[in-house]
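Structure first, commentary second.
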Amino acid sequence: LTGQQVQLGGWGMMAHSRAEVLQPDSVSAAQLAVSDAGRRRRTAIPRGSGFSYGDAALNGNSLVLDTRRLSRIIGLDGQGLVEVEAGVTIGDLCRFATRRGWWPPVVPGTGRPTLGGCVGANVHGKNAYIVGTFGEHVQELDLVLPDGSLLTCSEEREPDVFRAVIGGYGLLGVIVRMRMRLERQPSRLMVEEIAAPHLTSIMHILSGSLGPSDHAVAWIDACAQGEGRGRGIVQLARNLNGDSGGSDREVGRSGRRPFTRLRSALWPLLLILRTNQGVGALNSARYELAALNSGRTSIGPRERYQFFHDFIPDWRRAFRPGGVLQYQMFVPKECANEVFLACLEAAQEIKQAPILAVLKRHRTDPALLSYGVDGYSLSLDFPVTSTGLPSLRDALHRLTDEVVLPAGGRFYLAKDSILTPDQAGRSLGLDALGQFLAIKRRIDPGTLFQSDLYRRLFAPLALG
Ligand SMILES: Cc1cc2nc3c(=O)[nH]c(=O)nc-3n(C[C@H](O)[C@H](O)[C@H](O)COP(=O)(O)OP(=O)(O)OC[C@H]3O[C@@H](n4cnc5c(N)ncnc54)[C@H](O)[C@@H]3O)c2cc1C
């Protein structure tokens, strides 16, 4: 079996490597591709849509198994249990489900990732504080092992493997099929926007001070200083109960993704964010406008709210060629306010304004390599330039070592490009990492499954 040599990148455009790409279109073809890789003594990593920011789905000078042709939705029963192949995108599953009055309990901020990628990174949504992470709603997985055989795992069968594969970054095998639970959800949401004058008030609202919400997220003005540091706009969304699936008209609307071509042409507008002044001006305007309308509610299709990042498809093009570096930290609630203020201050000191800063609330989860905390996450998207990168990297390393990790903070490897092995070990916990590597030695003794991320972060710890 030979594939094409392709130069691949992470979504953030900072990490690149060349690999031979195979695109199996059936479970048996995936099994053959893996066993053949073993025979040829090559390493391999599964890849979905390539929406992880860094090197998680890259495997330089070896094999990448692109799973997007495993794209069948096999069946949905009356209880909302859906059986799917791993290359189906979360957006396609949502469109299939919403027409029938269902919706996946957890979706990330874009509909483009595959379900295999959602399990591989154990993604979270804006409701992580209520429903946890993606893997908590998966009932069963079929995994292709290094010898090409299939292992079915679940909470009942091979539970240790099951908990390690969820958030295991493709390092234990290729997920080819899964069964997961959908929820009965209305197709529309009611969203309230509240302007909050500083970080403390944002955290207060996200902690539920204005009453329960089904989803909550805050956009932060990362350029605001002094008393207003960390000010922003909180969006609280509630399911519109009483509407079990939406009328045909609503469903048609949410399924059609209107004006995609027009919206695709909007990315040059974001070129304004390439300067600190541009980010500052846009942030101020956005905050002031929201302050005028604070408390306003609107009703809209669930998909539009959930897949916020798809409003301008492929918006990263505005940040070529340097790319986008995301720094997302997860911090226990007791320290989150203090840690986030320190991070915002550090970004201001090095004069590199994040183009996007987003705060969410979380809870812990049972994945072996969990990044979950009973607390909050702040993600900062920095545009990268060759002149700015060294000082940005230094500042983020200092923050990681001196502020985030000592506070019990964790990092999410789907968004990472810069952690060191030592920092990754402290973030994931050496005990959990040891258990993960022991499971890997058991089911992948020849270390067939490897990625650039594995060689950057895990292999040095496995050897050490
Ligand atoms: C604009 C944007 C917004 C985002 N928003 C969120 C968000 O709100 N919440 C969140 O949690 N994440 C978010 N992400 C991250 C994204 O959801 C994850 O990186 C997800 O893993 C991407 O899925 P993918 O199919 O592109 O996987 P890839 O990036 O291709 O792969 C991700 C990892 O999963 C593994 N993998 C892929 N397929 C399989 C398989 N079949 N079997 C085993 N392992 C597999 C890969 O080896 C790799 O380690 C966002 C990313 C972007 C670019």
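Rg and Dmax over the alpha-carbon atoms of region 306-349 stand at 14.6, 39 Å.
Residues in region 433-464, backbone N under 16 Å from the label point at R393 (7 Å along the Cα-to-beta-carbon vector): list them, ranges by number please. Hits in region 433-464 for R393 at 16 Å: 453, 456-457. Label-to-label distance, V6 versus R441, with points set 7 angstrom from Cα along the beta-carbon direction: 3.5 nm. For region 25-149, the Kirkwood estimate of hydrodynamic radius, built from reciprocal distances between every pair of different alpha carbons, is 15.4 Å. Taking the square roots of five times each eigenvalue of the Cα gyration tensor of region 86-135, the equivalent ellipsoid has semi-axes of 16, 14, 8 Å, listed largest first.
Approximating the spin labels as points 7 Å out from Cα along Cα→Cβ, the L266-to-R99 distance works out to 2.6 nm.
If R0 equals 51 Å, the separation of the Cβ atoms of T275 and N61 corresponds to a calculated FRET efficiency of about 0.85.
Dimensions of the chain based on its C-alpha atoms, expressed as ranges along the principal axes with the largest first, amount to 64, 53, 41 Å. Cα centroids of region 29-72 and region 188-222: 39 Å apart.
Exposure proxy check: Y412, Y305 ranked by fewest other beta carbons within 10 Å? Working shown, then result.
Working: Y412 23, Y305 18.
Listing Y412, Y305 from fewest to most nearby Cβ atoms yields Y305, Y412.
Secondary-structure-derived ellipticity at 222 nm for the chain, considering helices only, amounts to -8500 deg cm²/dmol, per-run term -39500 (n - 2.57) for DSSP H runs with n ≥ 4.
Restricting the count to DSSP beta bridges whose residues both fall in region 1-69, what percent are antiparallel, rounded to a multiple of 5?
Expressed as a percentage, antiparallel bridges in region 1-69 total about 45.
The count of lysine pairs in the chain that are at least 8 places apart or cross chains, and whose C-alpha atoms lie under 19 Å apart, stands at 5.
As a test, work out the antiparallel percent of DSSP beta bridges whose residues both lie in the chain, rounded to the nearest 5.
90 percent
Overall size of region 24-88 from C-alpha positions, given as principal axis extents largest first: 45, 29, 15 Å. Extending 7 Å from the Cα toward the beta-carbon at both K333 and L463 defines two label points whose distance is 4.3 nm. Summary of the geometry: region 312-366 and region 77-145, compared by the centres of their Cα atoms, lie 24 Å apart. Put simply, the convex hull of the Cα atoms in region 317-464 casts, on average, a shadow of 9.6 nm². The Cβ shell under 13 Å around Q4 holds other residues with a net charge of -1, Lys and Arg each +1, Asp and Glu each -1. Maximal additional length on extending the D147-T420 stretch stands at 95.1 nm, based on 0.36 nm per residue less the C-alpha distance.
Within region 344-392, all pairs of alpha-carbon atoms sorted by distance into 10 Å bins from zero give the percentages 22, 37, 27, 14, 0.
The alpha carbons of region 384-444 stretch over 45, 26, 15 Å along the principal axes, in descending order. Pairwise Cα distances in region 254-406 exceed 28 Å for 31 percent of all pairs.
Taken together, the values in this text are just the output of simple stated rules run on the coordinates, not laboratory data. Predicted model, so just to flag it, every value in this text is computed and none were measured. A quick note on method: Cβ atoms are made from the backbone with ideal geometry, for glycine too, and the neighbour counts reach across all protein chains shown.
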